[in-house]
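**Q** Below is a structure I'd like to ask you about.
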Amino acid sequence: MQSEKTKRKKRVAVVAALFIILGTAYGILVSVLHFGIPCIFYEIIGLKCSGCGITSGIVCLMHFDFYGALRNNAFIFLIIPYILTVFIHTSLEYIRTGKYRLSTG
């Protein structure tokens, strides 16, 4: 029988794989069909919000176009490492303890 830690490791691996697969599929959909989630703020106000260009920037990163990603939205160079750090920290905590809360309080 598998230990509880092994089961939790497999769950984390499945969640990570799903995020990678779905993110890649969405990136391909945006690249090929030029279809993305529209920014409601931009549609209503006409000004770009802080999230505008993230999808285009990630698509540029998928093609290793770092300058294009920077041009679309430089924030992705901060948010992607942050999200990865939070995911890794939360995953390790879940594997160790079985709890997956983001807060420690």
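**Q** Order these peptides, 56-63, 35-42, by their mean beta-carbon neighbour count within 10 angstrom, highest first. List each step's numbers first, then the result.
**A** Values: 56-63: 18.4, 35-42: 12.0.
The most tightly packed comes first, giving 56-63, 35-42.
**Q** Carbon and sulfur atoms: what percent of the 1.4 Å accessible area of the chain do they account for?
**A** 71
**Q** Still on this structure, please answer the following. Using the heavy atoms of the protein chains alone and a 1.4 angstrom probe, what is the accessible area of the chain per residue in square angstrom?
**A** Roughly 79 Å² per residue, with all protein chains present.
**Q** If you don't mind, another one. Aspartates and glutamates within cross-link reach of Lys9: Cα-Cα under 19 Å, excluding same-chain residues under 8 positions apart?
**A** Glu93
The values are calculated or read from the model by the stated rules, or taken from the named source; none is laboratory data. The structure displayed is predicted, hence computed values, not measured ones. Here Cβ is always computed from backbone atoms with ideal geometry, including for glycine, and neighbour counts include all displayed protein chains. Ligands, DNA and RNA are stripped out before the accessible areas are found, and what is left, the full protein with its side chains, is counted by its heavy atoms. Shrake-Rupley method; radii C 1.70, N 1.55, O 1.52, S 1.80 Å.
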